[in-house]
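Participant: Here's a structure for you.
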Amino acid sequence: MDDEFFMREALYQAEAAACLGEVPVGAVVVRDREIVGRGFNAPIGEQDPTAHAEITALRDAARNLGNYRLPECALFTTLEPCAMCAGAILHARVARLVYGARDPRGGAHGSIVNLFAETRLNHHTAVTGGVLADACGELLRNFFAARRRGAGSREQWPGPRGALPMLTLVGRGYCHLCDDMASALQPLLDEYGAALEILDVDADPAMTEKYDELVPVLLLGGVELCRHFLDEAKVRAVLSGIR
């Protein structure tokens with residue numbers, strides 16, 4: 001696994017943000033080549049001006065690891081962090097930052113300011129920029145182009161507008177957590193006219209490699225919505241947006 005692999009994971013999070021009408025920025029936190037935190041841009045939905053992708057991913061990682069310091073971690077984000085997120089990265093003692101596209105209007109790694117080069121700070125994070133920059137930038141450009149045309153974010157969804165939403169529950173063999181999630185999904189499936197398919201990762205080596213330690217996982221159009229347990233609010237918001 002390399003930087004591009006984890007940046008693609010951050011892109012999946014950015015696509016989820018687009019589906020919810022948020023500016024498509026996503027982030028993941030990695031320790032020992034394992035994702036320990038995920039987040040996507042959600043200030044509108046959360047009514048929280050600090051709910052940028054990097055912040056939500058850092059919060060998720062800190063909860064999962066039981067530590068507000070993340071000194072052995074790397075943060076992958078699809079967009080050059082702003083000053084707020086750069087400050088959070090530095091305060092969390094993140095060892096390495098990897099980002100995709102530059103942000104000429106607010107980037108804090110040289111586009112506007114360079115907080116990571118400030119020698120007076122007591123922590124310094126190594127930075128690599130430009131990983132999958134074209135893909136990260138294209139997602140943003142497409143999102144704003146659709147918004148200018150008055151289409152909102154729906155054109156970003158990986159599927160034809162108005163199509164029957166197909167949820168995919170990824171599990172491994174018999175798993176009571178999958179059964180629990182499927183049961184909890186049924187009222188939403190009925191309410192929104194959605195369909196559900198269940199995939200067993202043991203039947204596909206590529207899926208086993210991706211989801212072996214992360215099942216069950218609920219997907220829509222290839223975008224991860226939640227894992228282990230159903231996040232009903234997020235699923236409902238997404239289904240409402242493409243109904």
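The values are calculated or read from the model by the stated rules, or taken from the named source; none is laboratory data. Values in this document were obtained by computation on a predicted structure and should not be read as measured data. Ideal geometry is used to build each Cβ from the backbone, glycine not excepted, and the neighbour counts take in all protein chains shown. Surface accessibility is based on the protein's heavy atoms, side chains included, excluding ligands, DNA and RNA. Shrake-Rupley method; radii C 1.70, N 1.55, O 1.52, S 1.80 Å.
Participant: Arrange the residues Glu15, Glu46, Glu191 by how much accessible surface each exposes, largest first, with a 1.4 angstrom probe. Display every interim value, and only then the final one.
Facilitator: On the way: Glu15 65, Glu46 125, Glu191 85 Å².
Order by accessible area, largest first: Glu46, Glu191, Glu15.
Participant: I've got another one for you. What figure, in Å² to the nearest 10, do you get for the accessible area of Ile55 with a 1.4 Å probe and non-protein molecules left out?
Facilitator: 20 Å²
Participant: Can I ask one more? How would the stretch 1-128 be classified by its alpha-carbon gyration tensor: rounded, prolate or oblate, with rounded meaning a/c under 1.5 and the a/b versus b/c comparison settling the rest?
Facilitator: Rounded, because the longest to shortest axis ratio a/c is under 1.5.
Participant: Full extension from Asp32 to Asp190: what is 0.36 nm times the residue separation minus their Cα-Cα distance, to one decimal in nm?
Facilitator: Length gained, Asp32 through Asp190: 52.8 nm.
Participant: Moving on. Heavy atoms only, 1.4 Å probe, whole protein assembly: order Tyr12, Tyr99, Tyr192 by accessible area, highest first. Mind showing how you got there, number by number?
Facilitator: Values: Tyr12 75, Tyr99 5, Tyr192 25 Å².
Result, largest first: Tyr12, Tyr192, Tyr99.
Participant: At 7 Å along Cα-to-Cβ for each site, give me the label-to-label distance between Asp2 and His123 in nm.
Facilitator: 2.9 nm
Participant: Could you calculate the FRET efficiency of Arg96 with Gln47 from 1/(1 + (r/R0)^6), where r is the beta carbon distance between them and R0 is 35 Å, rounded to 0.05?
Facilitator: About 0.65, to the nearest 0.05.
Participant: Ignoring everything but the protein chains, give the 1.4 Å probe accessible area of Val29 in square angstrom, nearest 10.
Facilitator: Using a 1.4 Å probe on the heavy atoms, I get roughly 0 Å².
Participant: Now for a different question. Quick one: 3J(HN,Hα) in Hz for the stretch 119-130, Karplus 6.51/-1.76/1.60 with θ = phi - 60°, rounded, Gly and Pro as x.
Facilitator: Calculated HN-Hα couplings, in order: 6, 7, 6, 8, 9, 10, 9, 5, 10, 10, x, x Hz.
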